[in-house]
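Engineer: One structure follows; several queries about it will come next.
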Amino acid sequence: MAKTNKKGAETTSSLGSLILAIIAFGIIIAIIVFFVNRGTEITDINACRTSVIARANLGQMAQDYLGTPEPKKMVPLVCKTKDEKTLSGTREEIKERISFLSAQCWYQFNQGRDKDIFGTEWGEKSCFICYYFKIPSGMDQGRPSEINIFEGEDYDISNRPQNIISAPELYNYMAGAANNLPILIGGQPAEYVGNAYNFDFTGFHNENPTKIRIRDITTAPLQDHVMDYSGNIPLETREKISKEGLELIQANKANLLVIAAEQLESNDKRAARRIMENINLHSYERQNGILVLVDFNNKVVRVHMGGEFSYELQDHQIGLMIEEKFGKVNSREQFMSALVDLVRDIRVNLIEGDVAQLSMAKPDSYYAYISNYESTFPIITSITADSTHVIAYMSSAPERDSFIKRALGVAGEYIGDIGLPGTIVPTIIRIRKGQFLVDPRNIVSEWRGDTGEFMNNIIIVPANEIREYCITDK
């Protein structure tokens, strides 16, 4: 009976937490709307993003507590559609502007991290139009593409039409042109994802611990992936962790560091972030650092990761992962095994669960950014001067499209003979049993996997064709 009462109390507490969250989100949105009504473009962009995150978080809480994400619709999206009119400048400047606006749209919608943000029906795809734009006629021929990984572009620039930017040309530009993240996100600092877990094991407790100050952690080891101030981590464990870290580096995926101390001055999110930025754990122009903090006396394990990985692992998933490893530890040996297993699971999630990279695309490029480092892909048609085009965010209802995660390679291919002139679509090189050429209009509904994962995209198409791809009135 006591057990039943406890469960009931937990359910009541959970429901109460959800109600409080709804009220809190309502207050947040009211504040957002106030500033949107009198703000700048950067304010509008960040207000949109905040409302997207608030809606997604409420949906996740409702799913956890009530078994349905429906209450998320109570949080309005305060996003604005802007008309850029006819873009001006040289051909290269116009491609830069289109790329920049695409990245802004992707940023507004939290880089595609959230499932079904529009609350669509199963099998539907919905869009929000971020920008309308046109290109001028009489453009110059521009410069040759720095990177040529998407087929179909005529690399003799003298043949480029003055009133068309082809899809392959724009894709190749995006793959080679570096984005400017500080400008892109309005000067805001880098993002992070992470969580912590308080373990019960007391076998490392020290009555007089050596406390490590955060400001004293200023450099990372050149080759080793472990900084052990405690002396508790044996050589064998260090070697296993370093092996996982090396695999992440070789895959051009992440920089891993484990820091262990008898006691840290602080082990919260801000401390983890300070450490990562103090020691430059991220690669240049990327947010790909992974820090694991172990505070033995306070019995805390924290994982803090650059925002680049939030598409693969979200806060709550990281928390569950740590708890799974350390929840039943009752010896030093088990603790070290759990630490190695945690690092290995992170590596597996980020490498083996990921789409193989288009290795020639620059990691700091617009294409890398709006594809979440090629975990998804933008859909782009050729852009003509005689039509108005849109840059939109497209979100799929949760359904079985996890075949993307199992793909061993993704490449662009030019399609000119199946009713989609000038369209780049992905070619899935190999998925267990064969090869598929996928029409982007059917990318979600036709080819389905088996784990119910989701995929979101940036889409650049003529305004009068957007409804062929997605619903725009949600």
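Engineer: Could you run through segment 78-112 and say how many residues are over 30 Å from R55 (Cα atoms), part of a loop (DSSP other than H, G, I, E, B) and within 24 Å of the chain's Cα centre (by Cα)?
Structural biologist: 0
Engineer: Moving to a separate point now. Can you pull out the residues in segment 194-245 that are out of contact with any Lys or Arg (no Cβ under 8 Å at 6 or more places or on another chain) and hydrophobic (A, V, I, L, M, F, W, C)?
Structural biologist: I212, I217, A220, L222, M227, I233, L235, I241
Engineer: Can you find a residue that is at pLDDT 90 or above and part of a strand (DSSP E or B) anywhere in segment 146-161?
Structural biologist: No: segment 146-161 contains no residue that is at pLDDT 90 or above and part of a strand (DSSP E or B).
Engineer: Also, quick follow-up: Any residue in segment 202-231 that is more than 28 Å from H282 (Cβ to Cβ) and in contact (Cβ under 8 Å) with a residue 12 or more places away in the chain sitting within a Cβ distance under 6 Å of a residue that is among the basic types (K, R) and not in a loop (DSSP other than H, G, I, E, B)? List the pairs, counting only those 6 or more apart or interchain.
Structural biologist: These pairs meet every condition: G203/R332.
Engineer: Determine the pairs where a residue that is in the same structural domain as L170 (by TED's automatic domain parsing) and surrounded by 14 or more Cβ atoms within 10 Å (Cβ to Cβ), located within segment 73-95, has a partner that is polar (S, T, N, Q) and assigned to a loop (DSSP other than H, G, I, E, B) with Cβ atoms under 8 Å apart, the partner being 6 or more residues away or on another chain.
Structural biologist: If the second residue must be polar (S, T, N, Q) and assigned to a loop (DSSP other than H, G, I, E, B), the pairs left are R91/Q141; I94/S88.
The values are calculated or read from the model by the stated rules, or taken from the named source; none is laboratory data. Everything numeric in this text was worked out from a predicted model, so none of it was measured. Virtual Cβ from ideal backbone geometry, glycine too; neighbours counted across all protein chains shown.
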